[in-house]
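All remarks here apply to the structure that follows.
The values are calculated or read from the model by the stated rules, or taken from the named source; none is laboratory data. Every value quoted in this text rests on a predicted model; they were computed, and no experiment measured them. Cβ placement follows ideal geometry from the backbone for every residue including glycine, while neighbour counts extend to all protein chains displayed. Heads up: the accessible areas ignore ligands, DNA and RNA and are worked out on the full protein's heavy atoms, side chains in. Shrake-Rupley method; radii C 1.70, N 1.55, O 1.52, S 1.80 Å.
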Amino acid sequence: MVITGATSGIGEVAAIRLAELGARIIHIARDEKRAAATQAALKKANPAANPVLHLADLSLLSEMRRVARAIAAAEPKIDVLINNAGAMVNKRQVTADGLEKTFALNHMAYFVITNMLLPNIVDHGRIVVTASNAHRGASLDFDDLQSERGYRGFGVYSETKLMNILFTRALARRLESGSGARGITANALHPGFVATRFGDQSGGVLGGVIKLIKPLGAISPEAGAKTIIYLASSPDVAGVSGQYFFECNPTTPTHEALNDDDGERLWKISEGIAELPADDSPWLV
Ligand SMILES: NC(=O)c1ccc[n+]([C@@H]2O[C@H](COP(=O)([O-])OP(=O)(O)OC[C@H]3O[C@@H](n4cnc5c(N)ncnc54)[C@H](OP(=O)(O)O)[C@@H]3O)[C@@H](O)[C@H]2O)c1
(Lines give C-alpha, C1' and ligand atoms only; values in the text may rest on other atoms or scores of the structure.)
Protein backbone atom coordinates (compact mmCIF):
# COMPACT_ATOMS: atom_id res chain seq x y z
CA MET A 1 0.00 0.00 0.00
CA VAL A 2 1.24 3.47 -0.87
CA ILE A 3 0.34 6.35 1.44
CA THR A 4 1.19 10.05 1.63
CA GLY A 5 1.29 12.01 4.88
CA ALA A 6 2.13 9.08 7.15
CA THR A 7 4.59 11.05 9.30
CA SER A 8 1.81 12.43 11.42
CA GLY A 9 -1.85 12.44 12.39
CA ILE A 10 -4.38 10.15 10.78
CA GLY A 11 -2.00 9.04 8.01
CA GLU A 12 0.54 7.77 10.52
CA VAL A 13 -2.07 5.82 12.52
CA ALA A 14 -3.61 4.39 9.34
CA ALA A 15 -0.22 3.27 8.00
CA ILE A 16 0.73 1.56 11.27
CA ARG A 17 -2.65 -0.17 11.71
CA LEU A 18 -2.62 -1.35 8.08
CA ALA A 19 0.92 -2.66 8.57
CA GLU A 20 -0.31 -4.55 11.63
CA LEU A 21 -3.03 -6.05 9.44
CA GLY A 22 -0.30 -7.35 7.15
CA ALA A 23 0.27 -4.58 4.61
CA ARG A 24 3.68 -3.64 3.33
CA ILE A 25 3.70 0.15 3.45
CA ILE A 26 5.41 2.47 1.00
CA HIS A 27 5.17 6.03 2.24
CA ILE A 28 6.00 9.40 0.80
CA ALA A 29 7.21 12.04 3.27
CA ARG A 30 9.04 15.35 3.21
CA ASP A 31 10.51 15.51 6.72
CA GLU A 32 13.43 13.12 7.14
CA LYS A 33 13.30 12.94 10.93
CA ARG A 34 9.55 12.34 11.23
CA ALA A 35 9.73 9.90 8.31
CA ALA A 36 12.44 7.89 10.11
CA ALA A 37 10.20 7.67 13.18
CA THR A 38 7.31 6.40 11.02
CA GLN A 39 9.67 3.87 9.39
CA ALA A 40 10.66 2.54 12.81
CA ALA A 41 7.00 2.27 13.87
CA LEU A 42 6.10 0.48 10.62
CA LYS A 43 8.94 -2.03 11.08
CA LYS A 44 7.74 -2.71 14.61
CA ALA A 45 4.12 -3.05 13.44
CA ASN A 46 5.02 -5.64 10.83
CA PRO A 47 8.56 -6.98 11.19
CA ALA A 48 8.12 -9.41 8.30
CA ALA A 49 7.25 -6.69 5.77
CA ASN A 50 9.78 -4.27 4.45
CA PRO A 51 8.35 -0.73 4.63
CA VAL A 52 9.83 1.73 2.17
CA LEU A 53 10.25 5.47 2.55
CA HIS A 54 10.40 7.91 -0.37
CA LEU A 55 11.27 11.51 0.45
CA ALA A 56 9.51 14.23 -1.54
CA ASP A 57 7.97 17.65 -1.10
CA LEU A 58 4.50 17.05 -2.49
CA SER A 59 3.82 20.72 -3.14
CA LEU A 60 6.21 20.62 -6.12
CA LEU A 61 5.22 19.10 -9.46
CA SER A 62 8.77 17.93 -10.19
CA GLU A 63 8.85 16.10 -6.85
CA MET A 64 5.39 14.55 -7.37
CA ARG A 65 6.55 13.22 -10.75
CA ARG A 66 9.97 12.08 -9.50
CA VAL A 67 8.60 10.17 -6.52
CA ALA A 68 5.73 8.63 -8.48
CA ARG A 69 8.16 7.48 -11.17
CA ALA A 70 10.47 5.96 -8.53
CA ILE A 71 7.61 4.09 -6.87
CA ALA A 72 6.21 2.95 -10.21
CA ALA A 73 9.62 1.52 -11.12
CA ALA A 74 10.06 -0.26 -7.79
CA GLU A 75 6.54 -1.51 -7.06
CA PRO A 76 4.89 -3.39 -9.92
CA LYS A 77 1.87 -4.31 -7.79
CA ILE A 78 0.12 -1.75 -5.63
CA ASP A 79 -3.05 -2.90 -3.87
CA VAL A 80 -4.05 0.41 -2.30
CA LEU A 81 -3.07 4.04 -2.83
CA ILE A 82 -3.98 6.45 -0.03
CA ASN A 83 -3.76 10.14 -0.94
CA ASN A 84 -3.73 11.79 2.46
CA ALA A 85 -1.04 14.48 2.85
CA GLY A 86 -2.57 17.91 3.18
CA ALA A 87 -2.24 21.28 4.84
CA MET A 88 -3.83 24.68 5.28
CA VAL A 89 -1.79 27.83 4.78
CA ASN A 90 -2.68 31.15 6.40
CA LYS A 91 -0.96 33.40 3.84
CA ARG A 92 -0.93 32.82 0.09
CA GLN A 93 2.29 31.08 -0.98
CA VAL A 94 3.32 30.34 -4.53
CA THR A 95 5.39 27.27 -5.40
CA ALA A 96 8.27 27.16 -7.90
CA ASP A 97 5.67 25.96 -10.44
CA GLY A 98 3.67 29.16 -9.99
CA LEU A 99 0.87 27.30 -8.19
CA GLU A 100 -0.83 28.38 -5.01
CA LYS A 101 0.60 25.99 -2.40
CA THR A 102 -2.65 24.56 -0.94
CA PHE A 103 -3.92 23.78 -4.44
CA ALA A 104 -0.58 22.15 -5.34
CA LEU A 105 -0.30 19.96 -2.23
CA ASN A 106 -3.93 19.14 -1.49
CA HIS A 107 -5.13 18.66 -5.05
CA MET A 108 -2.36 18.38 -7.65
CA ALA A 109 -0.30 15.86 -5.65
CA TYR A 110 -3.35 13.56 -5.45
CA PHE A 111 -3.97 13.99 -9.17
CA VAL A 112 -0.38 13.42 -10.36
CA ILE A 113 0.48 10.54 -8.04
CA THR A 114 -2.77 8.72 -8.72
CA ASN A 115 -2.46 9.01 -12.48
CA MET A 116 1.19 7.99 -12.51
CA LEU A 117 0.73 4.99 -10.21
CA LEU A 118 -2.48 3.78 -11.79
CA PRO A 119 -0.82 1.35 -14.23
CA ASN A 120 0.74 -0.38 -11.19
CA ILE A 121 -2.48 -0.64 -9.18
CA VAL A 122 -3.71 -4.20 -9.32
CA ASP A 123 -7.10 -5.27 -10.66
CA HIS A 124 -9.71 -4.58 -7.94
CA GLY A 125 -7.22 -2.34 -6.16
CA ARG A 126 -8.35 0.69 -4.17
CA ILE A 127 -7.68 4.40 -4.20
CA VAL A 128 -8.53 6.27 -0.99
CA VAL A 129 -8.70 10.06 -0.85
CA THR A 130 -8.69 12.05 2.38
CA ALA A 131 -11.07 14.93 1.77
CA SER A 132 -12.97 16.87 4.46
CA ASN A 133 -16.33 18.18 5.51
CA ALA A 134 -14.61 21.55 5.20
CA HIS A 135 -15.81 21.27 1.59
CA ARG A 136 -19.28 22.19 2.88
CA GLY A 137 -19.73 25.86 2.06
CA ALA A 138 -17.02 25.87 -0.61
CA SER A 139 -17.55 26.50 -4.31
CA LEU A 140 -15.01 26.75 -7.11
CA ASP A 141 -14.21 29.87 -9.08
CA PHE A 142 -12.74 28.36 -12.23
CA ASP A 143 -11.45 31.79 -13.27
CA ASP A 144 -9.38 31.98 -10.11
CA LEU A 145 -8.28 28.49 -9.04
CA GLN A 146 -4.95 29.96 -7.89
CA SER A 147 -6.72 32.43 -5.55
CA GLU A 148 -5.00 35.45 -7.07
CA ARG A 149 -8.03 37.68 -6.57
CA GLY A 150 -8.35 37.05 -2.89
CA TYR A 151 -6.98 34.61 -0.36
CA ARG A 152 -8.47 33.27 2.86
CA GLY A 153 -6.61 30.29 4.32
CA PHE A 154 -9.66 28.31 5.42
CA GLY A 155 -11.64 29.23 2.30
CA VAL A 156 -8.90 28.05 -0.04
CA TYR A 157 -8.34 24.90 2.03
CA SER A 158 -12.08 24.14 1.81
CA GLU A 159 -12.02 24.58 -1.95
CA THR A 160 -9.18 22.05 -2.28
CA LYS A 161 -11.18 19.58 -0.17
CA LEU A 162 -14.12 20.11 -2.55
CA MET A 163 -11.66 19.35 -5.37
CA ASN A 164 -10.75 16.07 -3.60
CA ILE A 165 -14.36 14.87 -3.88
CA LEU A 166 -14.81 16.10 -7.46
CA PHE A 167 -11.51 14.39 -8.36
CA THR A 168 -12.53 11.11 -6.67
CA ARG A 169 -15.85 11.04 -8.52
CA ALA A 170 -14.21 11.89 -11.89
CA LEU A 171 -11.60 9.19 -11.23
CA ALA A 172 -14.25 6.62 -10.29
CA ARG A 173 -16.14 7.34 -13.54
CA ARG A 174 -12.97 6.74 -15.55
CA LEU A 175 -12.14 3.58 -13.63
CA GLU A 176 -15.63 2.17 -14.18
CA SER A 177 -15.99 2.90 -17.85
CA GLY A 178 -14.40 1.50 -20.96
CA SER A 179 -13.14 -1.86 -22.02
CA GLY A 180 -10.00 -1.51 -19.92
CA ALA A 181 -11.95 -1.26 -16.63
CA ARG A 182 -10.10 -3.32 -14.01
CA GLY A 183 -12.43 -3.07 -11.02
CA ILE A 184 -10.27 -0.46 -9.27
CA THR A 185 -12.31 1.67 -6.87
CA ALA A 186 -11.87 5.25 -5.67
CA ASN A 187 -13.54 6.68 -2.57
CA ALA A 188 -13.14 9.88 -0.57
CA LEU A 189 -13.64 10.41 3.15
CA HIS A 190 -14.00 12.88 5.96
CA PRO A 191 -12.02 11.75 9.03
CA GLY A 192 -13.88 13.99 11.50
CA PHE A 193 -12.34 16.91 13.38
CA VAL A 194 -9.14 15.31 14.60
CA ALA A 195 -6.49 16.43 17.07
CA THR A 196 -3.43 16.07 14.81
CA ARG A 197 -0.62 18.47 13.88
CA PHE A 198 -3.04 19.88 11.31
CA GLY A 199 -3.10 23.68 11.55
CA ASP A 200 0.02 23.88 13.72
CA GLN A 201 2.02 25.18 10.76
CA SER A 202 -0.79 27.28 9.25
CA GLY A 203 0.34 30.44 11.03
CA GLY A 204 -1.58 33.61 11.86
CA VAL A 205 -4.95 33.86 13.58
CA LEU A 206 -6.13 30.76 11.71
CA GLY A 207 -3.46 28.55 13.28
CA GLY A 208 -4.19 30.06 16.70
CA VAL A 209 -7.92 29.39 16.43
CA ILE A 210 -7.37 25.76 15.43
CA LYS A 211 -4.99 25.28 18.36
CA LEU A 212 -7.63 26.72 20.71
CA ILE A 213 -10.56 24.64 19.49
CA LYS A 214 -8.72 21.31 19.11
CA PRO A 215 -8.94 20.38 22.81
CA LEU A 216 -12.65 21.29 22.81
CA GLY A 217 -14.09 18.83 20.35
CA ALA A 218 -11.47 17.03 18.34
CA ILE A 219 -11.33 13.24 18.23
CA SER A 220 -8.08 11.25 18.53
CA PRO A 221 -5.94 10.39 15.46
CA GLU A 222 -6.78 6.75 16.24
CA ALA A 223 -10.50 7.48 15.80
CA GLY A 224 -9.86 9.78 12.82
CA ALA A 225 -7.90 7.08 10.98
CA LYS A 226 -10.74 4.53 11.13
CA THR A 227 -12.42 5.40 7.84
CA ILE A 228 -9.09 5.36 5.95
CA ILE A 229 -8.34 1.89 7.33
CA TYR A 230 -11.88 0.75 6.53
CA LEU A 231 -11.76 1.97 2.92
CA ALA A 232 -8.29 0.50 2.42
CA SER A 233 -8.98 -2.91 3.86
CA SER A 234 -12.60 -3.84 4.59
CA PRO A 235 -14.31 -6.46 2.41
CA ASP A 236 -17.54 -4.45 3.00
CA VAL A 237 -16.44 -1.86 0.46
CA ALA A 238 -15.06 -4.18 -2.22
CA GLY A 239 -16.60 -2.89 -5.45
CA VAL A 240 -17.91 0.35 -3.89
CA SER A 241 -16.65 3.39 -5.80
CA GLY A 242 -17.17 7.12 -6.23
CA GLN A 243 -18.56 7.57 -2.71
CA TYR A 244 -17.83 9.98 0.13
CA PHE A 245 -17.52 8.32 3.56
CA PHE A 246 -17.73 9.53 7.14
CA GLU A 247 -17.42 7.20 10.14
CA CYS A 248 -17.19 4.21 7.77
CA ASN A 249 -20.53 5.01 6.14
CA PRO A 250 -21.28 6.56 2.78
CA THR A 251 -22.64 10.08 3.17
CA THR A 252 -23.81 12.77 0.78
CA PRO A 253 -21.43 15.63 0.06
CA THR A 254 -22.67 19.04 -1.06
CA HIS A 255 -24.42 19.87 -4.30
CA GLU A 256 -21.15 21.48 -5.47
CA ALA A 257 -19.26 18.24 -4.81
CA LEU A 258 -21.81 16.30 -6.89
CA ASN A 259 -21.42 18.63 -9.87
CA ASP A 260 -19.77 16.24 -12.29
CA ASP A 261 -19.42 18.93 -14.98
CA ASP A 262 -17.21 20.79 -12.53
CA GLY A 263 -15.36 17.54 -11.86
CA GLU A 264 -14.64 17.13 -15.56
CA ARG A 265 -13.59 20.76 -15.89
CA LEU A 266 -11.23 20.39 -12.93
CA TRP A 267 -9.82 17.16 -14.41
CA LYS A 268 -9.00 18.83 -17.73
CA ILE A 269 -7.36 21.81 -16.01
CA SER A 270 -5.36 19.51 -13.72
CA GLU A 271 -4.25 17.45 -16.69
CA GLY A 272 -2.96 20.62 -18.34
CA ILE A 273 -1.05 21.64 -15.22
CA ALA A 274 0.33 18.13 -14.58
CA GLU A 275 1.94 17.93 -18.05
CA LEU A 276 2.91 14.32 -17.60
CA PRO A 277 5.33 13.07 -20.24
CA ALA A 278 3.92 10.58 -22.75
CA ASP A 279 6.01 7.73 -21.31
CA ASP A 280 4.04 8.01 -18.09
CA SER A 281 0.93 6.80 -19.88
CA PRO A 282 -1.52 5.04 -19.78
CA TRP A 283 -3.05 8.31 -18.92
CA LEU A 284 -6.70 8.48 -17.96
CA VAL A 285 -8.62 10.75 -20.30
N1 LIG B 1 -7.25 17.04 11.38
C2 LIG B 1 -8.50 17.25 10.95
O3 LIG B 1 -9.40 17.67 11.71
C4 LIG B 1 -8.87 16.96 9.53
C5 LIG B 1 -10.23 17.08 9.16
C6 LIG B 1 -10.58 16.80 7.84
C7 LIG B 1 -9.61 16.41 6.93
N8 LIG B 1 -8.30 16.33 7.31
C9 LIG B 1 -7.32 15.92 6.29
O10 LIG B 1 -6.56 14.84 6.78
C11 LIG B 1 -5.31 14.78 6.08
C12 LIG B 1 -4.20 14.50 7.07
O13 LIG B 1 -4.13 15.56 7.99
P14 LIG B 1 -3.85 15.37 9.55
O15 LIG B 1 -5.02 15.92 10.26
O16 LIG B 1 -3.38 14.02 9.85
O17 LIG B 1 -2.69 16.48 9.72
P18 LIG B 1 -1.14 16.40 10.03
O19 LIG B 1 -0.91 15.73 11.33
O20 LIG B 1 -0.64 17.80 9.88
O21 LIG B 1 -0.56 15.48 8.86
C22 LIG B 1 -0.39 15.99 7.56
C23 LIG B 1 0.57 15.11 6.81
O24 LIG B 1 0.78 15.69 5.50
C25 LIG B 1 2.19 15.81 5.30
N26 LIG B 1 2.57 16.93 4.44
C27 LIG B 1 2.25 18.24 4.62
N28 LIG B 1 2.84 18.98 3.67
C29 LIG B 1 3.55 18.13 2.88
C30 LIG B 1 4.39 18.30 1.74
N31 LIG B 1 4.61 19.51 1.21
N32 LIG B 1 4.94 17.20 1.19
C33 LIG B 1 4.73 15.97 1.72
N34 LIG B 1 3.96 15.75 2.80
C35 LIG B 1 3.38 16.82 3.37
C36 LIG B 1 2.74 16.04 6.69
O37 LIG B 1 4.13 15.84 6.69
P38 LIG B 1 5.13 16.58 7.73
O39 LIG B 1 5.33 15.61 8.85
O40 LIG B 1 6.36 16.82 6.93
O41 LIG B 1 4.47 17.85 8.17
C42 LIG B 1 1.94 15.02 7.48
O43 LIG B 1 2.47 13.73 7.32
C44 LIG B 1 -5.19 16.10 5.32
O45 LIG B 1 -5.46 15.87 3.96
C46 LIG B 1 -6.29 16.96 5.93
O47 LIG B 1 -6.79 17.89 5.00
C48 LIG B 1 -7.90 16.57 8.59
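Subtracting the Cα-Cα distance from 0.36 nm times the residue separation, let me have the gained length for Glu275 to Ser177 in nm, one decimal. The partial results should precede the final answer.
Details: separation 98, 0.36 × 98 = 35.28 nm, distance 2.34 nm.
Stretched fully, the Glu275-Ser177 segment lengthens by 32.9 nm.
Please report the antiparallel percentage of the DSSP beta bridges confined to the chain, to the nearest 5.
Values: 4 of 27 bridges.
About 15 percent, rounded to the nearest 5.
Please identify the helices of the chain, taking whole runs of DSSP H, that span at least 15 Å along their own axis as judged from the Cα atoms and have a mean Kyte-Doolittle score of 0.0 or higher.
Sorted by number, the helices that extend far enough and score high enough are 9-20, 61-74, 153-176, 204-217.
Round to a whole number: what % of the accessible area of the chain belongs to carbon and sulfur, probe 1.4 Å? Show your work: numbers first, answer last.
Details: 6450 of 12210 Å².
The C+S portion of the solvent-accessible surface of the chain is 53 percent.
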Just tell me which lysines come within less than 18 Å, Cα to Cα, of Lys101; anything on the same chain fewer than 8 places away is out. Lys91, Lys161
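Cβ neighbours within 10 Å, averaged per peptide: list 228-236, 149-157, 214-222 in order, most packed at the top.
Averaged packing, sorted descending, gives the order 228-236, 149-157, 214-222.
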Could you work out the Kirkwood radius for the chain, taking every pair of different alpha carbons, averaging 1/r and inverting it, reported in Å? 18.7 Å
Modelled label reach - Arg66, point 7 Å along Cα→Cβ, segment 260-277 residues with backbone N closer than 19 Å: 274-277
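If you put +1 on each Lys and Arg Cβ and -1 on each Asp and Glu Cβ, how big is the dipole of the chain around its Cα centre, in Debye rounded to 20?
Numbers: 29 positive and 30 negative charges, 168 e Å.
The calculation lands at about 800 debye.
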Return one whole number: the accessible area per residue of the chain in Å², for a 1.4 Å probe. 43 Å²
